[in-house]
């Protein structure tokens, strides 16, 4: 089991969700975050005040998957999030020690495999 | 000040007092529309959407003072007025014929109509049209479309001469904006995500507050179109209360039938539809018929609002349904229920004059055709010089940041103060982070 964490552009979030859906990756959390990854700062002006926006809005996906789903998930994230410009984001893949589905008490692979509703 | 009260000959103090207030009420409608529209778009386009209404306040006002007013209200040519009032020439304290208010105030009152109508059309192109071409569009459209249609129905043009009744702007404001919006949506084309993603309103409270302020302003819009403190203004004012209330009730019922829930954004829309429906008829129909008209106006507009998103036409904020279609409903209803005993001018079909319906139908044929074709040509003309839309990646980022360099909901987190003076070189920095 792996936890796949992806930081992507907010305007690509819908494309990512669509790509994940097509790859049949179902269990997803997403949150809005702010970050900085070497992209050019955006300059904004409010009356006489000019500011450099050092942090950019990003969306963070967290997806826990079984081994077989790691590569499809990464492919879907890249397909959905890539524009080719600096600032497209990162994917981090980290090992998962335990997973428990709260409702049933299932653990590990059973817990990251979606039930058909 | 000498303390002497000066008033030009033929000017009435009471009429003038009301029209000063009414003009201010109508000017409020444009920022109210900005709020209404801003709530209906996504958060990243809030400022740009509101700014299009601010652009109308700027550009349409200047265009109106320089030439638009003259095209609309100078002389009685069939198609368009003349140049004699250009640059506000001969617009003075002397009253305009048929009114007892100063010509200068008459000009300002009519200017406020032109402004809000230009702002209405922006609803068709928000979330993707670039700001600079919109400024050019606002100038050309207010002169070549609004002024012409205002001349037809208010300024002694062919529709008015023919006997078409339009109390407060069913022709130039409502049908004019609605069908221009359709043309604009077709030329500028759909947003990149239209039909692929749900593009939802980001703040329903803005929408409700905007609709409420629009209704408030509409009392000046319709109530001022009698040009004084008189019976026609009182009738129009009261009808502007009654008709939208009936539209709301019917809209609630339609919402209940459709989804068992009354929606807030639906209610805000109903207020607009009701105000639009009664606009052309406000001073011509009895209060009870105004209520019937308000109820009736809900039906076709509701239908078009349900149908339009299923098409490929991204007429984004449904200007056609809310203004064009409801304007038609209002203009045609006059032909049935106008009552000389209330308006002192003309009867409709139900009161013995079938001919009036014909005059009204003429406006419903001619106005949309002119508005659509002229708007289409104006935008194609501007396209020769500059692209109308932002490129896709900028559209994705949101128009607030790329067109204005600001955000509606800036948190300031991570913002580094680089200067209290604008730095020209750095201002040009646009990135795609």
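Every number in this text was worked out from the coordinates using simple rules, so none of it is lab data. Predicted model only: the values in this text are computed from it and were never measured. We place every Cβ from the backbone using ideal geometry, glycine too, and count neighbours over all the protein chains shown.
Points to keep in mind about this one:
- Of the residues A:70, A:99, A:25, the one that moves most in a GNM of chain A with alpha-carbon contacts below 10 Å is A:99.
- Shielding by other protein chains, A:35-44, mean Cβ within 10 Å: 5
- DSSP bridge pairs, the protein assembly as shown: antiparallel proportion in percent, nearest 5: 95 percent
- Part-to-part distance (alpha-carbon centres) for the range B:303-370 and the range A:44-117, which is given in Å: 53 Å
- Between B:385, B:73, B:93, the residue with the greatest mean-square fluctuation in the GNM of chain B (Cα pairs under 10 Å linked by springs) is B:385.
- Residues in the range B:258-285 reached by a label modelled at residue B:313 [backbone nitrogen below 19 Å; 7 Å Cα→Cβ]: B:273, B:277
- Residues B:269, A:45, B:411, sorted so that the one with the fewest Cβ neighbours within 10 Å comes first: B:411, A:45, B:269
- For chain B, the longest principal axis of the C-alpha atoms and the axis of helix B:355-383 are separated by about 30°.
- Helical content of the protein assembly as shown, expressed as a calculated mean residue ellipticity at 222 nm, amounts to -15500 deg cm²/dmol (DSSP H runs of 4 or more residues, -39,500 (n - 2.57) each, divided by residue number, nearest 500).
- Listed by Cβ neighbour count within 10 Å, with the fewest neighbours leading, B:85, B:162, B:359 appear as B:162, B:359, B:85.
- Overall Cα dimensions of the range A:1-104, principal axis frame, Å, largest first: 58, 28, 20
- Shape of the range B:13-383, Cα gyration tensor, a/c cut at 1.5: oblate
- When chain A is treated as a Gaussian network with alpha carbon springs shorter than 10 Å, the biggest mean-square fluctuation among A:101, A:47, A:82 belongs to A:47.
- Global geometry of the range B:229-378, whether rounded, prolate or oblate, following the gyration tensor of its Cα atoms and the 1.5 cut on a/c: oblate
- Computed from Cα atoms, the angle from the helix B:231-259 axis to the main principal axis of chain B rounds to 50 degrees.
- Shape of the protein assembly as shown, Cα gyration tensor, a/c cut at 1.5: prolate
- Among B:194, B:146, B:370, B:37, the order by Cβ neighbours within 10 angstrom, fewest to most, reads B:194, B:370, B:37, B:146.
- The angle between the Cα long axis of helix B:131-141 and the main principal axis of chain B comes to about 20°, on a 0 to 90 degree scale.
- Neighbouring partner chain Cβ atoms per residue of B:408-418, average, 10 Å criterion: 5
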